[in-house]
Structure formats: C-alpha cells, structure tokens
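Student: The structure that follows is given in the form of structure tokens.
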Amino acid sequence: MKVLVVDDSLIVVERLIDILEQVRGLEVIGRASDIPEAEQLIERLNPDVVILDLQMPKGRGIDVLGAVKLARPNTIVIVLSNFTYPQYRKRCQDAGADFFLDKSTDFQKIPEIFEGLLESSLVTSPPHI
C-alpha cells in the first residue's frame with residue numbers, strides 16, 4: 001500500500017514515518033509540505049492513501065481532499081489536523097474523508113487504521129500469483 005504524507009510540520013512528518021515504517025505492507029512514497037506540491041505528487045505518484053493536514057501553505061487541505069475524491073474516489077484520505085472542531089470534521093466528511101484524526105490525541109490509532117485497510121484490501125483483492 002503506497003502512502004503519501006502531506007503536512008508542513010517536519011516533526012509531524014517524521015513521527016508519521018516512524019509509525020508507518022512499523023506497519024508491514026506500507027510504503028511511504030513521498031512527502032509534500034505545501035498544497036501545490038501535494039497536488040503534483042498525488043497526480044504523479046498515484047498513492048493508495050493520502051495522510052492530509054488541513055492547514056497548509058499555499059492553499060487549503062480541504063480543497064485537496066475534494067479534488068482527490070473527485071478524481072480518484074478509491075484513494076483513502078486520512079485527515080490529520082489540529083483543527084478538530086465539529087464544523088471541520090463535518091466539512092471533511094462531506095468532502096469524502098475516510099478518517100478524521102486529531103494530531104494531538106490520535107497518533108496511536110494510525111497503525112490500527114492501516115492494519116485494517118491492509119486486511120480489507122487482501123479480502124477484496126485477488127491473490128497475487
């Protein structure tokens with residue numbers, strides 16, 4: 001499963017990569033630190049999962065979320081934000097976010113989410129021979 005991390009905080013990105021490297025079957029294929037870079041990498045790398053911050057330089061994460069879900073509805077988008085107000089959560093759900101996590105409290109949920117995604121992809125995908 002190919003994962004793209006979109007966040008402008010180096011500390012958050014490093015923490016995410018440390019967590020993701022512990023999950024078998026995942027490959028972090030890139031990192032974007034602003035919205036134009038995120039859009040380019042999503043187009044070029046075609047990730048299976050995008051971990052997306054909402055507050056980013058040069059644009060809004062919610063716009064990236066909407067564009068990804070419109071162009072690539074099967075791409076899983078995990079919103080990871082410090083802005084966990086109900087109105088943000090609702091807007092992200094309406095735009096198609098698969099998960100909405102709080103940066104300050106939900107990092108421990110990430111391995112479990114990916115393990116579930118990997119299990120479900122094995123069930124729905126034909127075996128690789």
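Student: Any residue in the range 1-20 that is free of Cβ contacts under 8 Å to residues at least 24 places away in the same chain sitting within a Cβ distance under 9 Å of a residue that is part of a helix (DSSP H, G or I)? List the pairs, counting only those 6 or more apart or interchain.
Tutor: Note: no pairs meet the criteria.
Student: Take Asp94 and decide whether it is open to solvent by 80 Å² or more (accessible area, probe 1.4 Å) and among the acidic types (Asp, Glu).
Tutor: Judged against the criteria, Asp94 is a match.
Student: Consider only pairs whose beta carbons are under 9 Å apart and that are at least six residues apart or on different chains; among these, list those whose first residue lies in the range 89-102 and is farther than 11 Å from Asp53 by Cα and part of a helix (DSSP H, G or I) and whose second residue is open to solvent by 70 Å² or more (accessible area, probe 1.4 Å) and at pLDDT below 95.
Tutor: Ala95/Asp63
Student: Scan Asn82, Asn46 and give me the residue that is of a type outside the set (Gly, Ala, Ser), out of contact with any strand residue (DSSP E or B) (no Cβ under 6 Å at 6 or more places or on another chain), surrounded by 12 or more Cβ atoms within 10 Å (Cβ to Cβ) and at pLDDT 95 or above.
Tutor: Asn46
Student: Let me ask something else. How many residues does the range 49-79 hold that are of a type in the set (S, T, N, Q) and either over 28 Å from Glu119 (Cβ atoms) or loosely packed, with under 13 Cβ neighbours inside 10 Å (or both)?
Tutor: Within the range 49-79, residues that are of a type in the set (S, T, N, Q) and either over 28 Å from Glu119 (Cβ atoms) or loosely packed, with under 13 Cβ neighbours inside 10 Å (or both) number 2.
Student: A further question follows. Which members of the range 10-34 meet the condition of being in a helix (DSSP H, G or I) and surrounded by fewer than 19 Cβ atoms within 10 Å (Cβ to Cβ)?
Tutor: Across the range 10-34, the qualifying residues are Leu10, Ile11, Val12, Glu14, Arg15, Ile17, Asp18, Ile19.
Student: Please determine whether any residue of the range 112-122 is within 17 Å of Lys2 (Cβ to Cβ), among the hydroxyl-bearing types (Ser, Thr, Tyr) and assigned to a helix (DSSP H, G or I).
Tutor: Yes; the residues of the range 112-122 include at least one that is within 17 Å of Lys2 (Cβ to Cβ), among the hydroxyl-bearing types (Ser, Thr, Tyr) and assigned to a helix (DSSP H, G or I).
Student: A follow-up question, please. Residues of the range 75-110 being aromatic (Phe, Trp, Tyr) and over 25 Å from Arg44 (Cα atoms), which ones?
Tutor: Correct list: Phe83, Tyr85, Tyr88, Phe107.
The values are calculated or read from the model by the stated rules, or taken from the named source; none is laboratory data. Since the model is a prediction, treat every value here as computed from it, not as a measurement. All Cβ positions, even for glycine, are placed from backbone atoms using ideal geometry, and neighbour counts span all protein chains on display. Heavy atoms of the whole protein, side chains included, go into the accessibility calculation; ligands, DNA and RNA do not. Shrake-Rupley method; radii C 1.70, N 1.55, O 1.52, S 1.80 Å.
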